[in-house]
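Some notes on the structure that comes next.
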Amino acid sequence: MKYALYTGCAAKGACPELYQSTTLITKRLGIEVVEMINAACCGAGVITEADPDLALAINARTFAQAEALGLDIMTICGTCQGVMGMANHRLKTEEGLLDRINALLAPEGIRYGGEVQVKHLLWIIVGEIGVEALQQHVTRPLENLRIAPFYGCYILRPSKYLGFDDPENPVSLEKLISALSAHPVDYEGRTKCCGFPLVLEKEPIAIGMVGANLKEAKEELADAMVTPCPLCHMNLDIYQGRAEDKIGEKLGLPILHLPQLVGLAMGFSPKELGMTRHLVPTDKVVEKIQLKV
Amino acid sequence: MRVTFHIQKYNPEGDSKPHEEPYRLDVGRGTTVLEALVRLKNEVDGTLTFRYACRSAICGSCAMEINGTEKLACKTQIRPELERHGEIRIGPLDNLPLIKDLVVEMAPFWEKVRSIQPWIEPLPPEQVDPIRMRDAYKAFNNVEACILCGACVAACTVYEVEKGFAGPAALAKAYRFVADPRESIVSERLNQMQGDGGIWDCTRCNYCVEVCPKDVKPMEAIILLRRASIQSGLTQTMGSRHVTSFVDIIRHEGRLNEGLMPMMVIGFRFKDLFRILPLGLRMFLKGKVPFPFKFRAAIPGIKQVRSIFEARRNAKNEPPR
């Protein structure tokens, strides 16, 4: 199994621990990756607000790079997955669009043929490797842990462009959590928004969302939350303190990146997985599985 | 087939809070949730309260929460719902005050729609651009299909925490007037939507797009309003600076610079700078903030990226065909 790894900006910027943990678990799972170091930002749904064709062209360039490698793309960010999945779907299906966008790439001699698929690491683990095979790699079952899955918007919606999980009733994170012998927590906020896109300009709204989602998960006795999107991670982790101030309640819920949770069950140390970089300490999780940081 | 419906009941004269009650009913193939509710009211429980009128997905009055998602009861068949969720749970729309059982108070919703002035202030006919008029219907991007059912507002993750937000339905309607070639007050409309509660409050979660029974895509309309705002020179809100700064950073470096971005969005608003600095410092100590002015921050393929920006600028400057 071989993929072109599209890291996205966060894993190379504010969430280096995501990149770190991804490298460890993909190796263990036997996924060979070629990192796309020349690839640009997917636009995160922001560039398209200014100019949709520009956003499509930047993504088409990334797809063309993977096409040249003869590989499909693996994303490790829910937002990248949503934006790139939608761009790819549109380029492949809307009449005349691929030609129009290729015209923008032509001066650099780039051409996208529409042959690449874009898949999130979560989908590759659950859909292709399979949870049974994943279980084979579990050396430290996370039996005591209650984990709240937090999907994030872009890996689920708009579903007509994504089509892996049912947006009304997604199951992939729950399947993964169960495969690691942890207990998935059911709560309403699991498919809602973390508020990250608003956090710079509308902080009160964004931390309101953080507080509401974390509180629900805490009420269901979650020990930690896991997310396949580093932007959700940033908001839920970095702004958790301010959300606590807003709702007047201590939360202290550790937020884990998807590959960190998988990596813990594979026996990697919290330090190797970059868990010491979080703002919300992960000690309680580590204690619960009887480990020392 | 015999189906159990778990329906939320609430009678303000007696119940302290809503509760769920099971109702059993034999239903045939193709039965809709609304048909089942009407039968339950006639045959089982006369007190069961819900709104409906047309039964044809055009009046918008039977929007409710079916298995956790906002849907029109008349447009939702029972069998596929059961196959998808393994059960049928029915409740009222979220985010609006509950009156009884499945009925919510729509007044706050109408108030939002009213707030955007849902009528046109027409230009004199001779000033209307006939070319734009020819394409106007397409430019509406399907927002005119809205039946004001409230599903999007009930699903809106921003409205849930901030009731001052105008919400997806009202803003989609506002877009319909901004896109109308006959409208004389486009810039007044755009100006009015820049502040708190306006277009920059949307978090782009796509819930409204997902639940809309008429494919209105309210979030797309909000994005079109944002684009129209930036193009008309309304570039000083933090929301619009978020967009323009993001585009600038990608043109220069190819990848987002998380150290630089907050400074570009916030600019010289010192109060906001002091708001983000303590977090920035804590992130820096954890090795989470790249130094904003890195030497050679650009990705290796930056020349190609800049060329795409250039090609796009040239394409935009060509006269339209």
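Arrange the residues B:E162, A:E49 by how much accessible surface each exposes, largest first, with a 1.4 angstrom probe.
From most exposed to least exposed: B:E162, A:E49.
Please identify, among B:A151, B:A297, B:A172, the residue showing maximal mean-square fluctuation in a Gaussian network model of chain B using a 10 angstrom Cα cutoff.
Its mean-square fluctuation being the largest, the pick is B:A297.
Go through A:K202/B:K173; A:K218/B:K271; A:K218/B:K100; A:K246/B:K214; A:K192/A:K246; A:K192/B:K217 and tell me which ones have a Cα-Cα distance over 27 Å in this structure.
Checking Cα-Cα distances, A:K218/B:K271; A:K218/B:K100; A:K246/B:K214 exceed 27 Å.
State, as an integer percentage, the relative contact order of the range B:178-284 based on alpha-carbon contacts under 8 Å between residues 6 or more apart.
It comes to 17 percent, rounded to a whole number.
Taking amide hydrogens as modeled 1.01 Å from N in the peptide plane, which residues meet the under 5 Å criterion relative to B:V289, leaving out close sequence neighbours?
Amide H neighbours of B:V289: B:F284.
Provide the buried accessible surface between chains A and B in square angstrom, both chains summed, 1.4 Å probe, rounded to the nearest 100.
What A and B bury together is about 6000 Å².
Pop out the ³J(HN,Hα) list for the range A:187-192 in order, Karplus 6.51 cos²θ - 1.76 cosθ + 1.60 with θ = phi - 60°, rounded to Hz; leave Gly and Pro as x.
8, 5, x, 4, 10, 8
Starting from the amide H of A:V226, placed 1.01 Å from N in the peptide plane, find each other amide H under 5 Å away whose residue is 5 or more places distant or on another chain.
It is A:A148, A:F150, A:L256, by chain and number.
Check which residues have an amide H placed less than 5 Å from B:F5's amide H, if you skip close sequence neighbours.
Result for B:F5 returns B:Y23, B:R24, B:L25.
In degrees from 0 to 90, rounded to the nearest 10, what is the angle of the helix A:16-29 Cα long axis to the longest principal axis of chain A?
90 degrees
Once the other residues with Cβ under 14 Å from the Cβ of A:V171 are scored (Lys, Arg +1; Asp, Glu -1), what is the net sum?
My count for the surroundings of A:V171 gives -2.
If the only charges are +1 at each Lys and Arg Cβ and -1 at each Asp and Glu Cβ, what is the size of the charge dipole of the protein assembly as shown around the Cα centre, to the nearest 20 debye?
Dipole magnitude for the protein assembly as shown comes out near 1240 debye.
Under the Karplus relation 6.51 cos²θ - 1.76 cosθ + 1.60, θ = phi - 60°, what is the ordered set of whole-Hz ³J(HN,Hα) values for the range B:194-210, x standing for Gly and Pro?
Going residue by residue, I get 7, x, 4, x, x, 5, 7, 7, 6, 8, 6, 7, 6, 4, 5, 5, 5 Hz, with x marking Gly and Pro.
What net charge is computed for the residues neighbouring B:L224, neighbours being all others with C-beta under 10 Å from the C-beta of B:L224, Lys and Arg scored +1, Asp and Glu -1?
It works out to a net charge of +1.
Could you calculate the FRET efficiency of B:D129 with B:K163 from 1/(1 + (r/R0)^6), where r is the beta carbon distance between them and R0 is 41 Å, rounded to 0.05?
After rounding to 0.05, the efficiency reads 0.60.
Could you tell me what percent of the accessible area of chain B is made up of carbon and sulfur, with a 1.4 Å probe and every protein chain present?
The nonpolar share, carbon plus sulfur, comes to 54 percent.
Mind checking the dipole of the range B:212-321: about its Cα centre, +1 per Lys or Arg Cβ, -1 per Asp or Glu Cβ, Debye to the nearest 20?
160 debye
Pairs of Cα atoms under 8 Å, at least six residues apart: use those to get the relative contact order of chain A, whole percent.
It rounds to 20 percent for chain A.
How large is Rg/Rh for chain B, to two decimals, with Cα atoms and a Kirkwood Rh?
1.06
Convex hull over the Cα atoms of the range B:1-70, averaged projected area in nm²?
5.4 nm²
Give, as a single signed number, the net charge of other residues whose beta carbon lies under 15 Å from the beta carbon of A:E35, with Lys and Arg counted +1 and Asp and Glu -1.
Around A:E35, the charge tally is +2.
What's the carbon and sulfur percent of chain A's accessible surface, probe 1.4 angstrom, rounded to a whole number?
Of the solvent-accessible surface of chain A, carbon and sulfur hold 50 percent.
Sorting B:I120, B:I131 by accessible area (1.4 Å probe), largest first, what list results?
I get B:I131, B:I120, largest accessible area first.
Bin by bin, in steps of 10 Å, what percent of the Cα pairs in the range A:171-273 do you find, going until the bin that has the longest distance?
15, 48, 30, 7, 0
Considering the options A:Y6, B:T49, B:M219, tell which one lies farthest towards the positive end of the dipole of the protein assembly as shown, charges being +1 on Lys and Arg and -1 on Asp and Glu at the Cβ, about the Cα centre.
Ranked along the dipole, the leading option is A:Y6.
Normalised by the residues of chain B, what does the relative contact order come to in percent, with Cα pairs under 8 Å and at least six apart?
12 percent
If you build a Gaussian network model of chain B, linking Cα atoms that sit under 10 Å apart, which residue out of B:Y23, B:Y207, B:Y159 swings the most?
For chain B, modelled as a Gaussian network with Cα springs under 10 Å, the answer is B:Y23.
For the pair B:I58/B:L82, report the inter-label distance in nm, with labels modelled 7 Å from Cα in the Cβ direction.
Computed distance between label sites B:I58 and B:L82 equals 3.0 nm.
If the elastic network links every pair of Cα atoms under 10 Å, which of A:L98, A:L198, A:L56 fluctuates the most in the Gaussian network model of chain A?
A:L198
Counting only heavy atoms of the protein chains, get the accessible area per residue of the range A:1-142 (1.4 Å probe) and round it to a whole Å² value.
Computed with neighbouring chains in place, this is 35 Å² per residue.
Explain nothing, just the number: dipole magnitude of chain B about its Cα centre with +1 on each Lys and Arg Cβ and -1 on each Asp and Glu Cβ, in debye rounded to the nearest 20.
Approximately 1440 debye in magnitude.
Answer with one residue from B:Y207, A:Q136, A:I147: the one whose Cα lies farthest towards the positive end of the charge dipole of the protein assembly as shown, charges on Cβ with Lys, Arg +1 and Asp, Glu -1.
A:Q136
How big is D, in µm² s⁻¹, for the range A:106-220 by Stokes-Einstein at 10 °C and 1.306 mPa s if Rh is the Kirkwood radius over C-alpha pairs?
It diffuses with D of about 96 µm²/s by this estimate.
Given labels modelled 7 Å from the Cα in the Cβ direction, how far is it in nm from A:E115 to B:K41?
Distance between the two pseudo-spin positions: 5.9 nm.
Using θ = phi - 60° and the Karplus relation 6.51 cos²θ - 1.76 cosθ + 1.60, list the HN-Hα couplings for the range A:247-261 in order, rounded to whole Hz, with x at every Gly or Pro.
Those phi angles translate into 8, x, 8, 7, 10, x, 9, x, 10, 10, 6, 3, x, 5, 5 Hz.
Quick one: if the Förster radius is 22 Å, what FRET efficiency do B:E188 and B:R275 give, using the C-beta to C-beta distance and rounding to 0.05?
0.10
Using only the Cα atoms of the protein assembly as shown, each taken as one equal point scatterer with no solvent, compute I(q) by the Debye sum, divide by I(0), and report log10 of the ratio at q = 0.07, 0.11 Å⁻¹.
Result of the Debye calculation: -0.45, -1.14.
Using only protein heavy atoms and a 1.4 Å probe, report how much of A:H120 is accessible, in Å² to the nearest 10.
A:H120 has an accessible surface of roughly 0 Å² with all protein chains in place.
Can you give the helix-only mean residue ellipticity at 222 nm for chain A, where every DSSP H stretch with n ≥ 4 adds -39500 (n - 2.57) and the sum goes over all residues, rounded to the nearest 500 deg cm²/dmol?
That comes out to -12500 deg cm²/dmol.
The values are calculated or read from the model by the stated rules, or taken from the named source; none is laboratory data. Just so we're clear, the structure is a prediction, and the values are computed from it rather than from any experiment. Here the Cβ is made from the backbone with ideal geometry for all residues, glycine too, and neighbour counts use every protein chain on show. SASA here: full protein model, heavy atoms, side chains in, ligands and nucleic acids out. Shrake-Rupley method; radii C 1.70, N 1.55, O 1.52, S 1.80 Å.
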